[in-house]
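Read the figures in this text as sums done on the coordinates, not as results from a lab. Values in this document were obtained by computation on a predicted structure and should not be read as measured data. Note that each Cβ is placed from the backbone with ideal geometry, even for glycine, and that neighbours are counted across all protein chains shown.
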Amino acid sequence: LRLVRSGVGINEQASIDLAGVKGVWSLRCGTEMAESDNTLVLAFVGQTTWELTLPLSLPLASSFPPIYICIVHPLAFLWLIPLPPLSLSLSSSFLPILPLSSSLLCLSFFLPPFNRSFRSKELYCHTFSLSLLSLHFFHPFLCTSSVLSLKGEEVEETELEGIAADQQTHYCSNVIGNKILQITGQSVRLINEETLQLVSKWAPPSGKGISTGSCGGSHVVVVVGNELFCLDIQDSSLHQLSHVTLEHEIACVDVRVLKGDSGTSNICAVGLWTNISARVLRLPSLDTLHTQPLGGDILPRSILVAEFDTRTYLLVALGDGTLHYFQMDPDSGMYP
């Protein structure tokens, strides 16, 4: 993490070695309210330790050792690993952290020599759900958030009473009413900017974990699998306004307050798994305004509604680095 001061040149203000930083948000907080942000909230990648052993029954396996396993994940992860012929042991020591929600892992077993496709020497292929394995083999460890305070030229780690530092943060920002909003994997937390006390908390009624979320104006949108919840910030409390279940799980979300010809409107944009599409919904009702297929089989990883000059655009980034952008009407959510 590096802090720099803007200007004609870039001057490094501080440097801190931190591993696994997943998200960074800046806040204004404390009794002496500054005109600029004075606090950083950092989210770290949740480390996971797990181990899985599968018995194998492969044709001709004992005759042609060693056998190689090709592990293919939908996000284009691929590993080629030698293994003993009659058993397979997978552990977090050599596989990267994988998204668990509705993810499938395809195991294909091959004999050397290999060609480009690998397919000609395939002995056996098995696909299983990581979400099912997580019930038995995955044990979360160190899913944390950290808070850094900026004091003059000094940067130091601090504790904010209302911030849940033992949970991974998906979103954090200053919101209306002099409050701080933190969305974690377990709940949505509303915190007083000055006292830093927790004033309101909301959790999914089903008890399932929150995968991501966003906020715009007084509206907070929370993603729980394929469900969307719209909350409203009223004074010092959070109120659920609406809820909708989509046909596919949600990969990313953005909430934006837009100014159109008919006045101000709140828009929610989501990227969907499985059918690889972007959807625009109206807030607070969560009614669908428009669905845009993205094509291909690469998942959307990030979505943003932005205004450039006087035009509104929907930007969608895919897992392979491709960026799709569409001009959007802020009133209808449709594309002109």
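A few points about this structure:
- Segment 190-336 - charge dipole about Cα centre, Lys and Arg +1 at Cβ, Asp and Glu -1, debye rounded to 20: 180 debye
- In nm, spacing of pseudo-spin labels at Asn275 and Glu307 (7 Å Cα→C-beta vector): 3.0 nm
- Electrostatic bookkeeping for Val305 treats Lys and Arg as +1 and Asp and Glu as -1; over the other residues with beta carbon under 10 Å from its beta carbon, the sum is -1.
- Global geometry of segment 204-336, whether rounded, prolate or oblate, following the gyration tensor of its Cα atoms and the 1.5 cut on a/c: oblate
- Centre-to-centre separation between the Cα atoms of segment 154-189 and those of segment 284-336: 28 Å.
- Calculated FRET efficiency for the pair Val21/Ile298, C-beta based, R₀ 30 Å, to 0.05: 0.80
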